[in-house]
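Participant: Encoded as structure tokens, here's the structure I'll be asking about.
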Amino acid sequence: MDTENREKKFMLDEHFIRLFPDIAIGVLAVGGIRKGEEISEEEKEKIRLFLANANEEAKKFLTSQVISENKIPALWRAAYKKFPGKKGARCSIEALLKRVLHGNPVPSIAPTVDITNGISLKYGFPIGAENMDAFCGDLHLGVMQGGEPFLPLGEETEDAALTGEVAYYDGCGVVCRCFNWRDGKRTAVTKDTVNEFIAMECIEPERTGELKEAMEELVLLLERHTGARICASGIVTAGNREMVISAHDDL
């Protein structure tokens, strides 16, 4: 394996930091995740129970029956107004909380997805996961020049980034549109993914302690229930803008 593949980085671009100077992003590089069929039914049931409990805990974030009037969705909607984006784009945590609000709990999908969704619901932070083996060089979170290629997950037609849009991107194009709204097909996590990049975003400076707590529980659950190996872990901020991410089984 070449050096580039062995020491890929995740970094925040300068223009992004200007928009979000108080950002804190918990980052994990995770390797050796067992496939679904390799996880025992007992472990899967424990994960499903954790997700069910998290759906209940998420109700503490919902003080209004109007989703946009609740603190977390309102903060993220305000954040999205700082950059141009696709019509109707919303932060991923709003989509999860909206299900809970409407009495339609987030369902069990797959072990690692259930764990990340559960942590997201329990702590009120958006979480995204990508297949790190599909990255082209380093991963950035930055402001797009416009026209960067992106094939949305579940679609067959490319939908290029807008000028000024905030997105995760690498050397081949956009990885996730509109900050943390929609993943692309190229780097999507599938049932065969074993090396993942996971990001948990916090835009509330007073909640960085909760972000650390959420990261610790996420690590614990991934290790305990999926056999995951945590290859890199850290919190990226304006003062600590990059970190090395490696999650290859042959390291």
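Participant: Once you've got the GNM for the chain with C-alpha springs shorter than 10 Å, pick whichever of THR112, THR187, THR157 has the biggest mean-square fluctuation.
Facilitator: THR157
Participant: P(r) for the stretch 101-157: what percent of alpha-carbon pairs falls in each 5 Å bin, starting at zero?
Facilitator: Going from the shortest bin to the longest, the percentages are 4, 12, 16, 20, 19, 14, 11, 4, 0.
Participant: In whole angstrom, how long is each semi-axis of the equivalent ellipsoid of the chain, when you take the square root of 5 times every eigenvalue of its Cα gyration tensor and sort them from largest down?
Facilitator: Numbers: eigenvalues 122, 116, 59 Å².
Each semi-axis is the square root of five times an eigenvalue, giving 25, 24, 17 Å.
Participant: List the aspartates and glutamates whose Cα lies under 17 Å from the Cα of LYS46, skipping any in the same chain that are fewer than 8 positions away.
Facilitator: GLU37, GLU38, GLU56, GLU57, ASP114, GLU217, GLU223
Participant: Using only alpha carbon positions, build the gyration tensor of the stretch 113-251, then give the equivalent ellipsoid semi-axes as the square roots of 5 times its eigenvalues, largest first, whole angstrom.
Facilitator: On the way: eigenvalues 116, 69, 43 Å².
Gyration-tensor ellipsoid for the stretch 113-251: 24, 19, 15 Å.
Participant: Farthest toward the dipole's positive end in the chain, which of GLY239, THR157, ALA95, given Cβ charges of +1 (Lys, Arg) and -1 (Asp, Glu) about the Cα centre?
Facilitator: So the residue we want is ALA95.
Participant: Taking the Cα centre of the chain as the origin, how large is its charge dipole in debye, to the nearest 20, when only Lys and Arg (+1) and Asp and Glu (-1) carry charge on their Cβ atoms?
Facilitator: Details: 31 positive and 41 negative charges, 202 e Å.
Charge dipole, the chain, about its Cα centre: 960 debye, nearest 20.
Participant: Tally up the carbon and sulfur contribution to the accessible surface of the stretch 120-251 as a whole percent, 1.4 Å probe, everything protein left in place.
Facilitator: 49 percent
Participant: Just the C-alpha atoms of the stretch 53-106: what Rg/Rh do they give, with Rh taken as the Kirkwood radius?
Facilitator: On the way: Rg = 11.5 Å, Rh = 11.6 Å.
Expressed as Rg/Rh, it is 0.99.
Participant: How much accessible surface does ARG229 have with a 1.4 Å probe, in Å² rounded to 10?
Facilitator: 90 Å²
Participant: Counting helices only, and only those DSSP H runs with n ≥ 4, report the 222 nm mean residue ellipticity of the chain as the sum of -39,500 (n - 2.57) divided by its residues, in deg cm²/dmol to the nearest 500. Show your work: numbers first, answer last.
Facilitator: On the way: 7 runs with 79 residues, N = 251.
Calculated at 222 nm, the ellipticity per residue is -9500 deg cm²/dmol.
Participant: Using a Cα-Cα cut-off of under 20 Å, which lysines could be cross-linked to LYS60, ignoring same-chain neighbours fewer than 8 residues away?
Facilitator: LYS60 reaches LYS71, LYS98, LYS122, LYS212.
Participant: Do any cysteines of the chain lack a neighbour Cys whose Cβ is under 4.7 Å away, and which are they?
Facilitator: CYS91, CYS176, CYS178, CYS202, CYS231 - these cysteines have no disulfide-compatible partner (Cβ-Cβ under 4.7 Å) in the chain.
Participant: Compute the accessible area per residue over the chain, keeping the other protein chains in place, probe 1.4 Å, unit Å². All intermediate terms of the calculation are to be shown ahead of the outcome.
Facilitator: Values: 11460 Å² over 251 residues.
Heavy-atom accessible area per residue stands at 46 Å².
Participant: For a quick check, take a GNM of the chain with Cα springs below 10 Å and name the residue from VAL189, VAL174, VAL100 with the largest mean-square fluctuation.
Facilitator: VAL100
Participant: For a quick size check, give me the Cα extents of the stretch 199-251 along its three principal axes, largest first, whole Å.
Facilitator: Result for the stretch 199-251: principal-axis Cα extents of 36, 23, 11 Å.
The values are calculated or read from the model by the stated rules, or taken from the named source; none is laboratory data. All of these numbers come straight from a predicted model, not from anything done at the bench. Cβ: placed from backbone, ideal geometry, glycine included. Neighbour counts: every protein chain shown. Side chains included, ligands, DNA and RNA excluded: accessible areas come from the protein's heavy atoms. Shrake-Rupley method; radii C 1.70, N 1.55, O 1.52, S 1.80 Å.
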